[in-house]
1. Considering the Cα trace of the range 69-139, what is its radius of gyration and what is Dmax, both in angstroms?
2. Can you give the helix-only mean residue ellipticity at 222 nm for the chain, where every DSSP H stretch with n ≥ 4 adds -39500 (n - 2.57) and the sum goes over all residues, rounded to the nearest 500 deg cm²/dmol?
3. Charges at C-beta only: +1 for Lys and Arg, -1 for Asp and Glu. How large is the resulting dipole of the range 25-86 about its Cα centre, in Debye rounded to 20?
4. Each residue of the range 75-81 in order: what ³J(HN,Hα) in whole Hz does its phi give by Karplus 6.51 cos²θ - 1.76 cosθ + 1.60, θ = phi - 60°, with x for Gly and Pro?
5. What net charge is computed for the residues neighbouring residue 106, neighbours being all others with C-beta under 15 Å from the C-beta of residue 106, Lys and Arg scored +1, Asp and Glu -1?
6. What does the charge count near residue 49 come to, summing +1 for each Lys or Arg and -1 for each Asp or Glu among other residues with Cβ under 14 Å from its Cβ?
7. So, with +1 on the Cβ of K and R and -1 on the Cβ of D and E, and no other charges, what is the size of the charge dipole of the chain about its Cα centre, to the nearest 20 debye?
8. Scan around residue 83 for amide H atoms under 5 Å from its own, H built in the peptide plane at 1.01 Å from N, and keep only partners 5 or more places away or cross-chain.
Amino acid sequence: MSGTTRRLRIAAALLTDAGRRLLLVRKHGTVAFMQPGGKIEPGEEPLDALLRELSEELGFVVARDEPRYRGRFGAPAANEPGFMVEAEIFTLPLPQAPRPAAEIAEIAWLEPGRPPTVTLAPLTRDHILPLWHALDSETLNDD
């Protein structure tokens, strides 16, 4: 990675429903599906950015104590060439039916045990899917 690579700080959610499906979103004018979330504004905490973005993008109202922090992951930005995303990732059970709004053009669901049928952002492909599979196994083992 060169010293000229620019970084985007984002907060994003790995959202699953009762059937353990993973919710993905695609923004207007793009092709890659990714986690709901968005850029962290200057002076904003990652959790605050996540809660704001989930409300704006999907109409979710989420209590501050519901998302569980899972770590920071980096990958090439899907929609901004020359940028890397530095993502603060949280997990959260789907709080209600998603209502795409703001810049969200489309939602998609990934089914456990089935290969994706949509184009995935690098962060989703390289980090979120392995985390989702690991968490699914962890959850299954805890039942």
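Values quoted throughout were computed directly from the atomic coordinates according to the rules given, and no laboratory measurement underlies them. Small disclaimer: the values here were computed from a predicted structure and weren't measured. Cβ placement follows ideal geometry from the backbone for every residue including glycine, while neighbour counts extend to all protein chains displayed.
1. 13.3, 37
2. Working: 2 runs with 27 residues, N = 143.
Roughly -6000 deg cm²/dmol at 222 nm, from the helical runs in the chain.
3. Numbers: 8 positive and 11 negative charges, 57 e Å.
So the magnitude is around 280 debye.
4. The phi angles translate into 6, x, 5, 6, 10, 9, x Hz.
5. On the way: positive: 26, 27, 99; negative: 57, 103.
Neighbour charge sum, excluding residue 106 itself: +1.
6. Working: positive: 9, 39, 52, 64, 72; negative: 41, 44, 45, 48, 53, 56, 57, 86, 88.
Once positives and negatives cancel, what remains is -4.
7. Working: 16 positive and 21 negative charges, 82 e Å.
Around 400 debye, computed over the chain.
8. The list, which skips near neighbours in sequence, is 77.
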